[in-house]
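Right, one structure below, let's go through it.
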Amino acid sequence: MEVLRKWLTISVVLVIVQRGEGQLSEDFYANSCPNVESIVSQAVSTKFSQTFVTIPSTLRLFFHDCFVEGCDASVIIQSPNGDAEKDAPDNLSLAGDGFDTVIKAKQAVEAQCPGVVSCADILALAARDVVVLAGGPSWEVELGRRDGLISQASRVAGNLPEPDFNLVQLNTLFARHNLNQFDMIALSGAHTVGFSHCDRFSDRIYSSPIDPTMDPSYAQQLRQACPPNVDPSIAINMDPVTPRTFDNVYYQNLMARKGMFTSDQVLETDPNSEPTVSDFATNPGNFNAAFTTAMRKLRRVAVKTGSEGEIRIDCTTFNS
């Protein structure tokens, strides 16, 4: 009898776990909003036709959202008091075009499927769509997330990678979200279409001597783009070769010591991660496969499903 009781307990636990994992599905809106993917795709394409910044800003917005509170669109909330997640110092550099992409897509979805699709799911779809628009790989997106009910600036610090992180710090942070070193290196490849403000790497190019892990000619190039007292709004492409194409050139740049951040270049200088960087630099197919796998793992981070959270009508504000 005791054995049977233990077996039943284990069975119940397994069923609960399996149900929890199965709450996200690719056909979640098959009946309630069957055209959601095409609606979002069209909205993203329209925004992209207006500015290329749509690509890196939307992708970065997804990362920043998932790393704080999970993939629940909490980063999009606006607070009249300036104390929402987006107001944290680490999020102030998020470009407005990323927010606008999701907001416009949500409005388009609401016009056809009111109160059905979460902002979190729209952001997950938009992140995939911008990668495709930039020439990168595509993947199926599991849906069914609900929007979070917490968005506080005070909860951001320590949850996002910093530009001066070493490999151990990067691995530790990503491991919190069930992402291993291989995933981390693959996701770092998003910097192939990214941009940064000068103050995020100025210490590398204006130190004496210049950071020895950086190619001197690249350091000089960055100095010209970022002179002392430069306008803080100036943004520099992280990939100086093909900044508008989602490709593996980011890793080729690292092999040439042209990583913008210390946290980029350390992937090549640290012997524990260099083999993966070298592989991605020479095998674009391997990078694309690793990136899509890592994105599938990232999009499941601390998602709210079922009765958790809410379906926001307006992505920028809680329903109540």
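The values are calculated or read from the model by the stated rules, or taken from the named source; none is laboratory data. Here the structure is a predicted model, which means the values were calculated and not measured. Cβ placement follows ideal geometry from the backbone for every residue including glycine, while neighbour counts extend to all protein chains displayed. The area values use the complete protein model at the heavy-atom level, side chains included, leaving out ligands, DNA and RNA. Shrake-Rupley method; radii C 1.70, N 1.55, O 1.52, S 1.80 Å.
Each helix, a run of at least 4 DSSP H residues, gives -39500 (n - 2.57); summed and divided by the residues of the chain, these come to -14500 deg cm²/dmol at 222 nm.
With the simple spin-label model, which puts each label point 7 Å out from Cα in the Cβ direction, the Arg176 to Val230 separation comes to 2.9 nm.
When the Cα gyration tensor is reduced to axis lengths a ≥ b ≥ c, the ratio a/c is 1.5 or higher for region 18-127, and with a/b not above b/c it is classed as oblate.
With every protein chain present, what accessible area does Phe28 have (1.4 Å probe, heavy atoms only), rounded to the nearest 10 Å²? Accessible surface of Phe28 is approximately 90 Å². Relative to the longest principal axis of the Cα atoms of the chain, helix 216-225 runs at roughly 80 degrees. Counting only protein heavy atoms and using a 1.4 Å probe, the accessible area of Cys198 comes to about 10 Å².
Ligands, DNA and RNA excluded, the heavy atoms of His177 present near 30 Å² of accessible surface to a 1.4 Å solvent probe. Protection proxy ranking for 236-243, 282-289, 130-137, using the average of other Cβ atoms within 10 Å per residue and placing the highest first: 130-137, 236-243, 282-289. Nonpolar atom fraction for region 127-178, defined as the carbon and sulfur part of the 1.4 Å probe accessible area, stands at 50 percent. In the chain, the longest principal axis of the Cα atoms and the axis of helix 284-298 are about 50 degrees apart.
Using only the alpha-carbon atoms, how far is helix 119-133 inclined from the longest principal axis of the chain? Give it as 0 to 90 degrees, nearest 10. Between helix and principal axis, roughly 40 degrees.
Would you work out if region 168-320 is rounded, prolate or oblate? Take a ≥ b ≥ c from the square roots of the eigenvalues of the alpha-carbon gyration tensor; rounded if a/c is under 1.5, else prolate when a/b is larger than b/c, oblate otherwise. Oblate. A 1.4 Å probe run over the protein chains yields, for the chain, 45 Å² of accessible area per residue, whole-number rounding. Along region 51-64 the Karplus relation, 6.51 cos²θ - 1.76 cosθ + 1.60 evaluated at θ = phi - 60°, assigns HN-Hα couplings of 7, 5, 4, 3, 5, x, 5, 6, 5, 5, 4, 5, 4, 5 Hz to successive residues, with x for each Gly and Pro. Backbone amide hydrogens, once placed in the peptide plane, bring Lys304 within less than 5 Å of Arg146, excluding anything fewer than 5 places away on its chain.
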